[in-house]
Each structure stands twice: as C-alpha cells, then as structure tokens.
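Participant: Structure below; questions to follow.
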Amino acid sequence: MIYWILGVIVVLIGLNFLYQHWKRNVWFFRDPPRTSLGDSSVIVSPCDGMLMYVKKIENGQVECEKLGTKIKVEEISKSEDKPQKGLLFGIYMSPFDVHFNYAPISGKVTKVVHTQAKLNLPMVDLWEYIQFCWLRRAVNLLGAKYQLVNERNTIFIEGAIKMAMVEIADKVVNKIDCFVSENDYINQGQKVSFIKRGSQVDLVLWGDDYDVLVQPGLHVTGAETVLARVGHQTDHGAGA
C-alpha cells in the first residue's frame, strides 16, 4: 500500500513538473495570429492585458490619486520628449496573457530608449493579482513605485499621430526583446517586441483630439482592440 501511495505521489510530481515546463516554455511564448484593421484613424492596443487606467496629460503631467500628486510623463518614459497635452493608457499583462507587443499605429520609429534598472520591483501584491486575474477588476496601478524605477524600453512612433510605447518589466522578467530600430517603418499590428514573464505597457499619446472607446477593467487584445479614434492632428512637436 505504501509503495502505491509513493508511486502516485511521484507521478503527480512528474505531471506537475511537465505542466510547469510547458506553461513556462511553450504556453508563455505562444504567438497567435492577429489581424489588425490597418486603419490610420484608430489606435489599437499594443498588447494583451487588462486596461488599468486612462489618464489625461496636462502640462506634461498626469494626476495620480495614489500619491496625491502629479507625475511627470518623463518619469514614466525616461525621456524628455513628452507631450504637454495628451493621453496615457496603462495595460497590465499577466502571465496568462500573450506577451508579444504590437504597433498601435503605422509610422516611423523615431527613437528607442532602453532604461536599465538596478533592481526590478514586483508590480502587484497578492490581493491586486487576485482582483484583476481572477475577479477581472481593474486596479489603478498609476504611481506604484515599480512604474517609476523598473527596467523599461520606450519606442517612439510617428504616423498619423505621435506616440510612445513604454514597456515596463516586472521583477521576474528575464529580458525585453525589441524587434525594431530607429528609422524603421512599421505597420499597425506588427510585432515590435516581446517581454518575458509579467509586465506592463503604458501608451503615451500626443495631443488631445481623441475619442476614447474603452474603459478601465476591459481585457484588451493586442493589435485588435481599438483604444481610441484619432481626430485631425498634425503637430508632432514636443510641446504638442
């Protein structure tokens, strides 16, 4: 009897090992086909995940209820190139989400800024993780310390509008693989990077002529979910 029990335990341990290996090395790296609209009048999601916040940018800053103050956009993007007026979207990618990142618009990559961190902090605590992964509730992560200090890669794109994709690494992230370089022309929905393990993408939009079509709490799909419709914007300068 004892050998039968030990045998069952060994089998269960082996199955769990195989499952964890498959989840970490196969499922996590899945690359499902995506079909983008190819529409210059809309902005599609840069990644899969839950939309945590949509914030207006005023005077190069966003209001942060968590800290009771304002955050400068350059603290998030790690670049002085910022809009005076614009929008900020924050999308959290859980380990269950596809971790490829996609171009929200078609346009030219004008700059790629990689910022290394001395130490990557965990993005969420257990209760926050349970809320958005299992209870499907948005958690306002704007102003959390990781957002300002963790490793990140910021991709600036200019097309119908100007924008910046800020890819932020979680504590357990191994690497941010960037597939594009400065002066590359990319198409809406094109894969531009891959972030290993948990992560977040903040999307910075220049200007204020947008019709936002989503709300926090929505699970978005990279290259397909439309975040906003674009108005008539032509000024791509830093003070736009």
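Participant: Of everything in region 59-89, what is touching a helix residue (DSSP H, G or I) at 6+ places or on another chain (Cβ under 8 Å), among the polar types (S, T, N, Q) and open to solvent by less than 10 Å² (accessible area, probe 1.4 Å)? Give them in sequence order.
Facilitator: Across region 59-89, there are no qualifying residues.
Participant: Just to be sure before I move on: is VAL124 in contact with an Asp or Glu (Cβ under 7 Å, 6 or more places away or on another chain) and of a type outside the set (Gly, Ala, Ser) in the structure I sent?
Facilitator: It is false that VAL124 is in contact with an Asp or Glu (Cβ under 7 Å, 6 or more places away or on another chain) and of a type outside the set (Gly, Ala, Ser).
Participant: Of all residues in region 166-217, which are over 21 Å from LYS56 (Cβ atoms), in a strand (DSSP E or B) and either of a type in the set (Phe, Trp, Tyr) or in contact with a Cys (Cβ under 6 Å, 6 or more places away or on another chain) (or both)?
Facilitator: Correct list: TYR185, SER193, PHE194.
Participant: State whether the residues of region 126-133 include one that is over 21 Å from SER36 (Cβ atoms), touching a helix residue (DSSP H, G or I) at 6+ places or on another chain (Cβ under 7 Å), open to solvent by 10 Å² or more (accessible area, probe 1.4 Å) and at pLDDT below 95.
Facilitator: No, every residue in region 126-133 fails to be over 21 Å from SER36 (Cβ atoms), touching a helix residue (DSSP H, G or I) at 6+ places or on another chain (Cβ under 7 Å), open to solvent by 10 Å² or more (accessible area, probe 1.4 Å) and at pLDDT below 95.
Participant: Then there's this: Select from region 38-50 the residues that are at pLDDT 90 or above and not aliphatic (A, V, I, L, M) and write down the one among them that is surrounded by the most Cβ atoms within 10 Å (Cβ to Cβ).
Facilitator: Here the answer is PRO46.
Participant: For region 95-111, what are the residues that are surrounded by 18 or more Cβ atoms within 10 Å (Cβ to Cβ) and within 16 Å of the chain's Cα centre (by Cα)?
Facilitator: Result: ASP97, VAL98, HIS99, PHE100, ASN101, TYR102, ALA103, PRO104, ILE105.
Participant: From the list GLU224, GLU167, exactly one residue is surrounded by fewer than 16 Cβ atoms within 10 Å (Cβ to Cβ), in contact (Cβ under 8 Å) with a residue 40 or more places away in the chain and within 16 Å of the chain's Cα centre (by Cα). Which is it?
Facilitator: None of the others qualify; the one that does is GLU224.
Participant: Let me ask another. Is there a residue in region 27-37 that is in a helix (DSSP H, G or I) and modelled with pLDDT under 70?
Facilitator: Yes, there is a match, as at least one residue in region 27-37 is in a helix (DSSP H, G or I) and modelled with pLDDT under 70.
Participant: For ASN150, only one of the following conditions fails: (1) touching a residue at least 40 places away in the same chain (Cβ under 8 Å); (2) crowded, with 19+ Cβ neighbours inside 10 Å; (3) of a type outside the set (Val, Ile, Thr). What is its number?
Facilitator: All conditions are met except number (1).
Participant: How about region 159-182: which of its residues are at pLDDT 95 or above and of a type in the set (Lys, Arg)?
Facilitator: If the condition is that a residue be at pLDDT 95 or above and of a type in the set (Lys, Arg), then LYS162 is the only one that fits.
Participant: Sticking with this structure for a sec: When you check LEU141 against the structure, is it surrounded by fewer than 16 Cβ atoms within 10 Å (Cβ to Cβ) and touching a helix residue (DSSP H, G or I) at 6+ places or on another chain (Cβ under 9 Å), yes or no?
Facilitator: No.
Participant: Conditions: (1) surrounded by fewer than 18 Cβ atoms within 10 Å (Cβ to Cβ); (2) modelled with pLDDT under 95. ILE195 meets all but one. Number of the miss?
Facilitator: (1)
The values are calculated or read from the model by the stated rules, or taken from the named source; none is laboratory data. The structure presented is a predicted model; accordingly, all values stated were derived computationally and were not measured. Because the Cβ atoms are built from the backbone with ideal geometry, glycine has one as well, and the counts that use them run over all protein chains shown. Please note that ligands, DNA and RNA were not included when accessible areas were found on the heavy atoms of the full protein model with its side chains. Shrake-Rupley method; radii C 1.70, N 1.55, O 1.52, S 1.80 Å.
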